[in-house]
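Worksheet: one structure, shown below.
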Amino acid sequence: MYQYSPFDHDYIRQRVRIFREQVDRRIAGVLTEDEFKPLRLQNGVYLQLHAYMLRVAIPYGTLNSRQMRQLAMIADKWDRGYGHFTTRQNIQFNWTKLKDVGDILDALADVEMHAIQTSGNCIRNVTADHFAGAAKDEIEDPRITAELLRQWSTGHPEFAFLPRKFKIAVTGADHDRAVTAFHDIGIGIVKNANGATGYKVIIGGGLGRTPIIGSVLQEFLPKADLLPYLESVLHIYNRYGRRDNKYKARIKILVQELGIDQTRAEIDAHFESIKDRFQDVPEHIMARINAGFAPPDFAQAAAYDLHHDLTVSPAFAAWAENSVMAHRDDRHVMISISLKTPGDTPGDASADQMRVMADLAERFAYDEIRISHEQNVILPHVPKQHVAELYRGLQAAGLASANIGQISDIIACPGMDYCALATARSVPIAQDIARRFGDIKTERQIGPLKIKISGCINACGHHHVGHIGILGLDRAGVENYQITLGGDGTEDAAIGDRTGPGFAADALLPAIETILDTYVEHRLNADEHFLACYRRIGLTPFKKALYPSKQKTAA
Amino acid sequence: MTITANTQYVITANDLYDGEVVFWQSPDAWSYLLSDSYVFDDKDDASDNLGRARPDQVVGAYLIDVDIDANDQITPTHLREAIRASGPSNYFHGKQSDRKTISLADRLSPQKGT
């Protein structure tokens, strides 16, 4: 994986020193909270309901075992023995103290990690397909591009005070696992008719209070143009993006106001004016990045037939059915580790579990770990001969839930149990749904289904793109949950349709059950999955089942 | 059906140093416990004291609505504040474990206040 250069090391350490001084000045009363807040946010420090929260960047979701063990150490030493993996492939510590943050940042720097630009109105952590470098359908490892963008965007002086936050995602595969249509910029690595590799650039997508599917800005951008072109996008956004209204400040609103053609014209004009001044990325830098993502020597694994192992244990076979996916090298598989054991908090891992995953990755998986935006952990390269043993290691640590891609594999934001912005709780809802429907028999009957829950309109839980989306709101001091159906964050991007009035917390499980019953009743057969069925039959049958009479719809 | 008492007010904030939720007791004195907090009957009085919260001690001070129940227990009217006063739903963390306050589950149980 990518190793920090001496420059990277110095830069990170210097940032930690500066932040320590800022904390000292805040505590001494030299800085007011208004002055300090943007400084702490630039270092990933939020003030949440119970404590300060530290959001640590995991660039493109990639970790090695040493880094994972350090996260476990931080969780034990400065938090409460766990961390929360987020929908942007980051990790959050919920219980940190301001006085400890400098020490935590130094501990992160020890393993080439940081919390810079995980908050604030800047270019955030660049995310990527969690199966990067391993997926069969991949044209090129998207992390190479993501790392280039990380270097370009980190500390970029022109883009430190954008109108609002700015999120970039990169995929290198046909199947979009990075939700690129719902980012400020979504980048897809594509090939053109001549066989050249370049970028499809999508702009102005987003979730939040105004969900918008991104528009195609460029069908094919030559690779060499990427940095000057994105520099032009950000420049135009910086110049014209609205700063008068926080809720209209994202680039998606600018694109809606200008229209995609006018947006493109503005960006292209700026691009023409700067591209000659822009030097190509120096070869030695590109070579360093490329080398950082060189695949392991897959040839060292022996050919192995997994089928025998699968016949030995039904539990192993049930787990493998959802957790094990084909790898681009047929001696290997990709493994998803569920952080969604029914009853547990989605995305949370204990320090002990982090250490187990680190050990297993080191022993069996070339020391590579990924965090997915679906809040699970991925071992992207596992030789088939080690899968059964790896499974036993996961099982012993309570990490072998067989629910990847099923009902109980729920995305949920921290919600009102932690988050200062939330209007309702998310976690207990996810726990209730997973406990109620998360048994293997029910999940087998229902098949692939993505439920996504947000505790407020900001949509960190991606509810708009859930097959079933749940949005928690505050109705006169009482939690109330709106349901959307048919959302999709992939290349077939769709925003879910609202079913109608929301449901009180105790009416939500029955409503989910009604939705599932309606689906089972209407599906052509068990192979027609929820989303496909919804697309065929539409909202009406679900609406009828959910709101059988007017008097019951009062929420 | 009980008759709702007039709304009363408590000043809350987060401690600057450790981020923990605190409640105003008296000028420059803050407690980690809602049960220690001074309860204002008068909103203007509460607002005056809110304005005097020291920024080198606490962050983001504001007023919350509370009720005093039959057992003289101070109860936030809003769920968010109940969570801040006790801790989260998903783990027995926060004040409900560290400070042995009333748990969130007890605050939310339907029997309470009847």
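The values are calculated or read from the model by the stated rules, or taken from the named source; none is laboratory data. Values in this document were obtained by computation on a predicted structure and should not be read as measured data. As a convention, Cβ positions derive from the backbone with ideal geometry for all residues, glycine included, and neighbour counts pool all protein chains shown. With ligands, DNA and RNA removed, areas are computed over all heavy atoms of the protein, side chains included. Shrake-Rupley method; radii C 1.70, N 1.55, O 1.52, S 1.80 Å.
Worth pointing out:
- Computed over segment B:15-114, relative contact order equals 20 percent, with contacts defined as Cα pairs under 8 Å that lie 6+ residues apart.
- Relative contact order computed over segment A:411-553 (Cα-Cα under 8 Å; 6+ residues apart), in percent: 18
- Cys residues of chain A counted as unpaired, since no other Cys beta-carbon is under 4.7 Å: A:Cys122, A:Cys419, A:Cys456, A:Cys533
- Around the amide H of A:Thr96, modelled in the peptide plane, lie the amide H atoms of A:Tyr52, A:Leu54, all under 5 Å away and 5 or more residues distant in sequence or on another chain.
- With both labels modelled 7 Å from their Cα along Cα-to-Cβ, the A:Ala160 to A:Ile139 distance reads 3.6 nm.
- Computed with a 1.4 Å probe over protein heavy atoms only, the accessible surface of chain B comes to 52 Å² per residue.
- Short-range pairs are left out: with C-alpha atoms under 8 Å and at least six residues apart, the relative contact order of chain A is 13 percent.
- Equivalent-ellipsoid semi-axes for segment A:6-110 (Cα gyration tensor, √(5λ), whole Å, largest first): 22, 17, 12.
- Backbone HN-Hα couplings from phi across segment A:459-473 [Karplus 6.51/-1.76/1.60, Hz, Gly and Pro as x]: 6, 4, x, 6, 4, 4, 10, x, 4, 10, x, 10, 10, x, 10
- Across segment A:278-288, coupling constants 3J(HN,Hα) worked out from phi with the 6.51/-1.76/1.60 Karplus curve, θ = phi - 60°, read 7, 7, 4, 4, x, 4, 5, 6, 4, 5, 4 Hz, and Gly and Pro carry x.
- Based on the Kirkwood approach, the hydrodynamic radius assigned to segment A:342-473 is 15.6 Å, with every pair of different Cα atoms included.
- Between B and A, roughly 2300 Å² of accessible area is buried in total, ligands, DNA and RNA not counted and the probe set to 1.4 Å.
- Relative pair counts by distance (%), Cα atoms of segment B:8-108, 5 Å bins: 3, 14, 25, 25, 19, 10, 3, 0
- Contour minus Cα-Cα distance for A:Lys77 and A:Lys544 (0.36 nm per residue): 162.9 nm
- Cα-based Kirkwood hydrodynamic radius, chain A, one decimal, Å: 24.2
- Shielded by partner chains, segment B:77-100 residues - at least 40 Å² of accessible area, 1.4 Å probe, vs chain alone: B:His78, B:Leu79, B:Arg80, B:Ile83, B:Pro88, B:Ser89, B:Asn90, B:Tyr91, B:His93
- Within segment A:138-154, backbone nitrogen closer than 14 Å to the virtual label 7 Å beyond the Cα of A:Phe7 toward Cβ: A:148-154
- Cα Rg, Dmax (largest Cα-Cα span) when computed across segment A:443-555, Å: 13.6, 43
- Size estimate for segment A:127-290 follows the Kirkwood approach: the inverse of mean 1/r over distinct Cα pairs works out to 16.2 Å.
- Inter-chain shielding of A:77-89 (mean C-beta neighbours from other protein chains, 10 Å cut-off): 1
- Summarising the amide proton neighbourhood of B:Val58: residues at separation of 5 or more, or on other chains, whose placed amide H is nearer than 5 Å comprise B:Leu16.
- For A:His284, the solvent-accessible surface computed with a 1.4 Å probe is close to 130 Å², ligands and nucleic acids excluded.
- With helices as the sole contributors, chain A gives -11500 deg cm²/dmol at 222 nm; each DSSP H run of n ≥ 4 counts as -39500 (n - 2.57), and the sum is divided by every residue.
- One quarter of the convex hull surface built on the alpha carbon atoms of segment A:46-164 amounts to 8.4 nm², the projected area averaged over directions.
- Interchain or long-range residues, amide H under 5 Å from B:Trp30's placed H: B:Gln25
- The residues neighbouring A:Thr197, those whose beta-carbon lies less than 14 Å from its own, together hold a net charge of -3 under the Lys/Arg +1, Asp/Glu -1 convention.
- Accessible surface of chain A [probe 1.4 Å, protein heavy atoms]: carbon and sulfur percent: 51
- For segment A:78-90, Karplus couplings with θ = phi - 60° (6.51, -1.76, 1.60), whole Hz, Gly/Pro x: 10, 10, 10, x, 7, x, 10, 7, 9, 6, 10, 6, 9
- Taking every protein chain into account, the accessible area of segment A:319-431 amounts to 27 square angstrom per residue (probe 1.4 Å).
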